[in-house]
Amino acid sequence: MSISFTSSIINRLKKEIAEDQQQSIDEQKKKEKVISKMNQLQRDIKLSNSASDLNSKMSRMNKMKEEIKRIDLSQAALAKQLTAKHAALQEQIAKNQQQEK
């Protein structure tokens, strides 16, 4: 492979890694917001007077728990992608250095 081809692969991988890292940060922020809403909802549940109100809040709580599970799965997939892309980047950097010699 030519040096320019390897360099373009390196640049593409760096860009993809940055995008994945930003997506991971965004997912973490979403998770923190959901957790905050859950905490508020738990406080509200203690103040609920009617059964229907309590039932509605419990239903919302379950949806939030599912959202957290979805975010955790997404973050795990992103971490796996990042690991693979970092490994590919290191491999391309090594190839690039060998070609320059």
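The values are calculated or read from the model by the stated rules, or taken from the named source; none is laboratory data. Just so it is clear, the model here is predicted, and its values are computed rather than measured. Quick reminder, even Gly has a Cβ in these numbers, built from the backbone with ideal geometry, and neighbours come from all protein chains shown.
Taking every residue in the stretch 83-95 that is among the charged types (D, E, K, R) and pairing it with any residue that is in a helix (DSSP H, G or I) and modelled with pLDDT of 90 or more, at least 6 positions away or on another chain, the pairs with Cβ-Cβ distances below 6 Å are Lys85/Leu13; Lys85/Glu16; Lys85/Ile17.
Does Gln98 qualify as being part of a helix (DSSP H, G or I) and either closer than 18 Å to Phe5 by Cα or among the aromatic types (Phe, Trp, Tyr) (or both)? Yes; evaluated as a whole, the condition is true for this residue.
Scanning the stretch 48-101 for residues that are out of contact with any Leu (no Cβ under 8 Å at 6 or more places or on another chain), modelled with pLDDT of 95 or more and hydrophobic (A, V, I, L, M, F, W, C) yields a count of 10. Restricting attention to the stretch 2-46, the residues that are surrounded by fewer than 11 Cβ atoms within 10 Å (Cβ to Cβ) and touching a helix residue (DSSP H, G or I) at 6+ places or on another chain (Cβ under 9 Å) add up to 1.
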